[in-house]
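Data block below; observations after.
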Amino acid sequence: EAGVTQSPTHLIKTRGQQATLRCSPISGHTSVYWYQQALGLGLQFLLWYDEGEERNRGNFPPRFSGRQFPNYSSELNVNALELEDSALYLCASSWGTGDFIFGPGTRLTVL
Amino acid sequence: KQEVTQIPAALSVPEGENLVLNCSFTDSAIYNLQWFRQDPGKGLTSLLLIQSSQREQTSGRLNASLDKSSGRSTLYIAASQPGDSATYLCAVNTGFQKLVFGTGTRLLVSP
């Protein structure tokens with residue numbers, strides 16, 4: 001069974017640009033979560049999507065947004081990129097209150 | 001606000017030792033607790049999930065315990081191997097499927 005997949009693996013942008021990150025959950029998982037792991041800051045919760053709806057949001061500005069598609073895959077958009085947005089962005093999926101299964105991450109570098 | 005702390009921050013042991021990683025959390029109102037490992041620059045690998053009603057879970061050489069009332073969990077690794085070298089993270093599910101992560105323990109097992 002395929003795990004959680006994320007694309008791209010690496011993404012390099014400049015300040016002010018927009019970044020789009022993608023995630024495909026494990027088959028049968030309806031929930032997708034996004035986390036940010038910035039250097040020295042640990043893992044921070046960004047967003048939770050379930051059945052196409054945003055269910056919970058972490059303490060991030062509105063320029064971090066996303067959506068979940070009918071096939072449960074998800075997209076994270078970061079607008080007006082700032083240098084401090086450079087981080088590893090991890091996507092996870094789950095079914096109900098079971099294990100969170102994480103993907104390999106997208107490394108975003110903002111120059 | 002839930003805070004999760006892991007002690008020690010780093011640990012270096014010779015191969016074959018049994019070791020204990022500690023995780024403490026400030027709010028005992030949790031749904032579950034999950035232990036992960038993270039290799040450098042990679043995503044998270046789920047190790048064990050303990051529901052709030054459970055006291056421990058075992059998988060191979062790993063055993064995790066949970067004492068919700070005291071806000072503590074431990075991860076016991078038996079007969080450590082160099083392949084166990086990684087950062088170990090604990091995360092508590094605080095509700096609305098939000099995981100709050102600890103600061104991690106960086107483990108190095110020497111041959």
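The values are calculated or read from the model by the stated rules, or taken from the named source; none is laboratory data. This one's a predicted model, so the numbers in the text were calculated from it and none came from an experiment. Neighbour counts are summed over all protein chains in view; Cβ atoms, including those assigned to glycine, are modelled from backbone coordinates with ideal geometry. Quick note on the areas: whole protein, heavy atoms, side chains included, nothing else; ligands and nucleic acids left out. Shrake-Rupley method; radii C 1.70, N 1.55, O 1.52, S 1.80 Å.
Sort out which residues of segment B:70-111 are over 22 Å from B:Ser12 (Cβ atoms), among the basic types (Lys, Arg) and within 14 Å of chain A (Cβ to nearest Cβ), and write them in order of number.
B:Lys98
Looking at A:Leu39, A:Leu46, which is the one that is open to solvent by 20 Å² or more (accessible area, probe 1.4 Å), within 16 Å of A:Arg107 (Cα to Cα), within 14 Å of another protein chain (Cβ to nearest Cβ) and touching a residue at least 12 places away in the same chain (Cβ under 8 Å)?
Working: A:Leu46 fails: open to solvent by 20 Å² or more (accessible area, probe 1.4 Å).
Exactly one of A:Leu39, A:Leu46 is open to solvent by 20 Å² or more (accessible area, probe 1.4 Å), within 16 Å of A:Arg107 (Cα to Cα), within 14 Å of another protein chain (Cβ to nearest Cβ) and touching a residue at least 12 places away in the same chain (Cβ under 8 Å), namely A:Leu39.
Looking at (1) touching a strand residue (DSSP E or B) at 6+ places or on another chain (Cβ under 9 Å); (2) more than 25 Å from A:Trp48 (Cβ to Cβ), find the lone condition where B:Asp27 falls short.
Exception for B:Asp27: condition (2).
Only one of these is crowded, with 16+ Cβ neighbours inside 10 Å and touching a His at 6+ places or on another chain (Cβ under 7 Å): A:Ser86, A:Ser93, A:Ser73. Name it. Break it down stepwise before answering.
On the way: A:Ser86 fails: touching a His at 6+ places or on another chain (Cβ under 7 Å); A:Ser73 fails: touching a His at 6+ places or on another chain (Cβ under 7 Å).
Testing whether each residue is crowded, with 16+ Cβ neighbours inside 10 Å and touching a His at 6+ places or on another chain (Cβ under 7 Å) leaves just A:Ser93.
Only residues that are of a type outside the set (Ser, Thr, Tyr), buried (at least 19 other Cβ atoms within 10 Å of the Cβ) and closer than 21 Å to A:Ile101 by Cα: list them for segment B:61-76, please.
B:Ala64, B:Leu66, B:Leu75, listed by residue number.
What number goes with the only condition from (1) over 23 Å from A:Tyr49 (Cα atoms); (2) among the β-branched types (Val, Ile, Thr); (3) touching a strand residue (DSSP E or B) at 6+ places or on another chain (Cβ under 6 Å); (4) open to solvent by 40 Å² or more (accessible area, probe 1.4 Å) that B:Thr58 does not pass?
Tallying (1) over 23 Å from A:Tyr49 (Cα atoms); (2) among the β-branched types (Val, Ile, Thr); (3) touching a strand residue (DSSP E or B) at 6+ places or on another chain (Cβ under 6 Å); (4) open to solvent by 40 Å² or more (accessible area, probe 1.4 Å), B:Thr58 fails exactly one: (3).
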